[in-house]
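To start, the structure under review is shown below, and the notes come after it.
The values are calculated or read from the model by the stated rules, or taken from the named source; none is laboratory data. Given the structure is predicted, the values throughout are model-derived calculations rather than measurements. Cβ: placed from backbone, ideal geometry, glycine included. Neighbour counts: every protein chain shown.
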Amino acid sequence: MATKSTRSKTDIYLLGSTITEITGSKLPSIGMALSLFLHHHIELNKTIRESSTTTIEEITKFWQKPRIPVQELRNCQPKLEKLFEQWRLFNKNKNRNTLTQKSKEGEFVSKLNNIFDIAHANALNMIKISQDKEFLLAQRGKGKRGSMLDVDKHLEKTLKMADFRKKASLKRSQQMKKM
């Protein structure tokens, strides 16, 4: 007789369950990043480094939607791996019922809803559009106010026009060289 798979077998301590992709209209939280990392590490049997690389690449794609400059991959990986080490220590000691253990777990769980901040150190200075600055500041605050709704049509039109001008300029310079 086959054994039934229960939800408790797939539950991840302090997180619930893993996620396979990042969705939503807000920047990823620490809990989402760790959940995605654990999906790659535990369910897909990747190494810690491979899991962190894949996870950071997916998170970076999400951060680039609102055009927020991010740190390099090599600087983001240790941050995620440190979170994993903290979670692993809590997982090892999950049967301890001391007051200290429970308070540390409570602090860790409360941090899970905070933003997984991989923004460049000078991101606020590098961002030109004031709405993007406001969005980043709102996401860093408590409750992660604000959301990414749709593509900025005005900015998209401006970028398309700049690209068109650049191509036209290159075309003219090539024609001048042929003469």
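Annotations for the structure displayed:
- As a summary of the residue check, residue 56 satisfies the conditions (1) outside any loop (DSSP other than H, G, I, E, B); (2) of a type outside the set (Asp, Glu); (3) in contact (Cβ under 8 Å) with a residue 40 or more places away in the chain; (4) within 17 Å of residue 12 (Cβ to Cβ) except for the one numbered (4).
- If only residues of region 92-110 that are closer than 19 Å to residue 18 by Cβ and surrounded by fewer than 13 Cβ atoms within 10 Å (Cβ to Cβ) are counted, the one that is modelled with the lowest pLDDT is 94.
- Options 58, 81; residue that is closer than 25 Å to residue 137 by Cβ, charged (D, E, K, R) and either in the same structural domain as residue 28 (by the TED database) or over 18 Å from the mean Cα position of the chain (by Cα) (or both): 58
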